[in-house]
Amino acid sequence: MSTELNDQAGWLRLPSERRRGERRRQVLRALLLGSFHARRRQPRRAGEQALAAVDWHHPQWLATAILIVTLSCADAALTLALIEHGAYETNPLMRPFVYGSALPFTVVKVALTAGGVVLLTLLASMRLFGRLSAGVLLYALLAGYGALIAYESSLLGLL
């Protein structure tokens with residue numbers, strides 16, 4: 001009977017070439033190695049459109065994302081300066097935060113922007129609505145923030 005069980009459970013034995021230990025438990029090592037030695041630069045299958053289809057994104061998306069978040073921080077600072085000079089917040093989502101402390105307003109504003117930027121960066125190589133690349137939306141957001149900063153600076157007389 002024991003030989004019969006061993007033969008039936010033979011499929012449970014690990015092949016000898018398998019590595020010891022669980023590689024997925026080394027998160028920091030995986031992040032560092034994955035950042036410099038990305039394996040999936042293109043989707044593996046022709047029709048694959050999942051968020052995890054690639055694990056490497058072009059450096060231009062990192063630069064665009066950093067610029068957008070930086071301009072979002074500048075927008076928060078300029079908005080607070082304009083509020084001190086008598087302006088009011090027209091964004092209904094941010095209005096409750098701006099008239100309290102500056103810290104919650106800034107944290108919520110930058111967190112919402114960063115979350116959207118991360119999502120658009122993940123989607124950058126995908127087509128939205130069948131035609132529009134999500135990367136174009138990142139560039140449009142960057143241009144919009146640039147125009148907003150120029151407008152707010154002109155209101156403060158900084159330009």
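From the backbone phi of the range 99-114, what are the Karplus-calculated ³J(HN,Hα) couplings (6.51 cos²θ - 1.76 cosθ + 1.60, θ = phi - 60°) in whole Hz, Gly and Pro given as x?
Using θ = phi - 60°, the values come out as 8, x, 7, 6, 5, x, 4, 5, 4, 5, 4, 5, 5, 5, 5, 5 Hz.
Considering amide H positions built from the backbone, and no H for Pro or chain starts, which residues 5 or more places from residue 133, or on another chain, come under 5 Å of its amide H?
Hits under the 5 Å cutoff: 128.
Under a Cβ-Cβ cut-off of 14 Å, what is the net charge of the residues other than residue 74 that fall near it, where Lys and Arg count +1 and Asp and Glu count -1?
Overall, the nearby charge balance is -1.
Considering only the other residues whose Cβ falls under 15 Å of the Cβ of residue 151, what net charge follows from Lys and Arg at +1 and Asp and Glu at -1?
Charge balance in the 15 Å sphere: -3.
So how far apart, in nm, are the two label points at residue 112 and residue 99 if each is 7 Å from Cα heading toward Cβ?
1.6
Taken together, the values in this text are just the output of simple stated rules run on the coordinates, not laboratory data. All of these numbers come straight from a predicted model, not from anything done at the bench. Because the Cβ atoms are built from the backbone with ideal geometry, glycine has one as well, and the counts that use them run over all protein chains shown.
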